[in-house]
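So the structure is just underneath, and the comments pick up after that.
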Amino acid sequence: MPAAASNRRTALDAHAAPEPRRSDPDAPVDAQGDVDCAYCGNKRFVLDARGELKPCPQCDTAQRWKLAALAPFSSRSALSSRQTFLNFKTRFNGVEDETLVDCLESAEAFANNPFGRWLVIWGERGSGKSHLCAAVDNHLTQAGIPSLFITMPDLLASLREAIDLQSNTEQESFTGRMNIFKTATVLIIDDLGAEPSSPWSDSVLFEILDYRYRNRLATMIATNVNPDDFDYRIASRMQDTELSLVIENAAPDYRRRPLSEKR
């Protein structure tokens, strides 16, 4: 190797970020997971250069654990699992709908880099909002990024169930389940506004969104309600231009279109 190249390599090595360390070299190895990882010593977590505990980037086992933990609360279905960016329809009567193209491109951009960002898509029912939520969730899942896709009615039902479990069997606390929604790596809420409003549901929504807003946690929201019509505290956070991109989807109802135009 030429001397100049060797010197450049030495300089690069000197400034390279230190290799992540195992979280605790003396801790017993957790044999869970189906991957034998020399990088983390099967501990599934490592300490990064700043001393923060991170899932091992090599075996990715901890990320899969997170995904599995979120599964019971997800609104994923046989239909949503097939909804992708590729099969999202943007043409009507042979013409590209600019609104749908904008929504698709924005959803793809969010899925490719969700961290520290919010995406809010609002419009009439049947305009493709749920499809895009599912497409983002499927994209993130395939990328190994923990993502929780849930409708607002399902989210509230889950919390009501937690209240019942806590009072009847003490199996799970309401606070513990709320923390799942507040701290999910990426939270995708579909059908926001579909549930009847009540002081309790409004307080739940505010607590979740306020926490995620203050901590800049990746959040996608689909709603058929104009963001201006939500409680001011919620509307203000949803429309903070420093954090959130808000798009109106004014496309016609896809479900009512002729079958020939859905293919």
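The values are calculated or read from the model by the stated rules, or taken from the named source; none is laboratory data. It should be emphasised that the depicted structure is a prediction, and the values quoted were computed from it without experimental measurement. Note that we place each Cβ from the backbone using ideal geometry, even for glycine, and neighbour counts take in every protein chain shown.
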Lone unmet requirement of (1) over 14 Å from Gly144 (Cα atoms); (2) surrounded by fewer than 17 Cβ atoms within 10 Å (Cβ to Cβ); (3) touching a residue at least 40 places away in the same chain (Cβ under 8 Å) for Ser80: (2)
Being assigned by TED's automatic domain parsing to the domain that holds Ala78, modelled with pLDDT of 85 or more and farther than 22 Å from Leu104 by Cβ narrows Ala162, Ala143, Ala157, Ala134 down to just Ala157
Residue among Val35, Val29 that is modelled with pLDDT under 80, under 29 Å from the mean Cα position of the chain (by Cα) and more than 26 Å from Leu187 (Cα to Cα): Val35
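Hey, among Glu172, Glu207, Glu124, which residue is surrounded by fewer than 24 Cβ atoms within 10 Å (Cβ to Cβ), modelled with pLDDT under 90 and more than 24 Å from Gln83 (Cβ to Cβ)?
Details: Glu207 fails: modelled with pLDDT under 90; Glu124 fails: more than 24 Å from Gln83 (Cβ to Cβ).
Sole residue among the options that is surrounded by fewer than 24 Cβ atoms within 10 Å (Cβ to Cβ), modelled with pLDDT under 90 and more than 24 Å from Gln83 (Cβ to Cβ): Glu172.
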Out of everything in the stretch 73-100 that is in a helix (DSSP H, G or I) and modelled with pLDDT of 80 or more, what residue ends up being nearest to Thr141 (Cα to Cα)? Ser81
From the options Leu119, Leu86, residue that is in contact (Cβ under 8 Å) with a residue 24 or more places away in the chain and either surrounded by fewer than 19 Cβ atoms within 10 Å (Cβ to Cβ) or of a type outside the set (D, E, K, R) (or both): Leu119
Only residues in the stretch 204-225 that are on the phi > 0 side of the Ramachandran plot and touching a residue at least 60 places away in the same chain (Cβ under 8 Å) count as the first member; pair them with residues that are surrounded by fewer than 16 Cβ atoms within 10 Å (Cβ to Cβ) and among the aromatic types (Phe, Trp, Tyr), Cβ under 9 angstrom, at least 6 apart or cross-chain, and list the lot. Arg216/Phe115
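Is it the case that some residue within the stretch 148-169 is assigned to a strand (DSSP E or B), surrounded by 13 or more Cβ atoms within 10 Å (Cβ to Cβ), out of contact with any helix residue (DSSP H, G or I) (no Cβ under 7 Å at 6 or more places or on another chain) and not hydrophobic (A, V, I, L, M, F, W, C)? Before you say what the answer is, go through the steps one by one.
Of all residues in the stretch 148-169, those assigned to a strand (DSSP E or B) come to 148-151.
Of the ones still in play, those that are also surrounded by 13 or more Cβ atoms within 10 Å (Cβ to Cβ) are 148-151.
Retained after the next criterion (residues that are out of contact with any helix residue (DSSP H, G or I) (no Cβ under 7 Å at 6 or more places or on another chain)): 151.
The next check asks that each one be not hydrophobic (A, V, I, L, M, F, W, C); those that pass are 151.
So far as the stretch 148-169 goes, yes, one or more of its residues are assigned to a strand (DSSP E or B), surrounded by 13 or more Cβ atoms within 10 Å (Cβ to Cβ), out of contact with any helix residue (DSSP H, G or I) (no Cβ under 7 Å at 6 or more places or on another chain) and not hydrophobic (A, V, I, L, M, F, W, C).
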Which ones in the stretch 45-72 are exposed (fewer than 12 other Cβ atoms within 10 Å of the Cβ) and assigned to a helix (DSSP H, G or I)? Ala68, Ala71, Pro72
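Say we look at the stretch 185-203 and pick out the residues that are of a type in the set (S, T, N, Q) and in contact (Cβ under 8 Å) with a residue 12 or more places away in the chain; which of these is nearest to Asn113 (Cα to Cα)? It would help to see each step written out before you state the result.
Within the stretch 185-203, the first condition is being of a type in the set (S, T, N, Q), and the residues that meet it are 185, 197-198, 201, 203.
When the remaining residues are screened for being in contact (Cβ under 8 Å) with a residue 12 or more places away in the chain, the result is 185, 201.
Details: Thr185: 12, Ser201: 30 Å.
For the stretch 185-203, the residue satisfying everything is Thr185.
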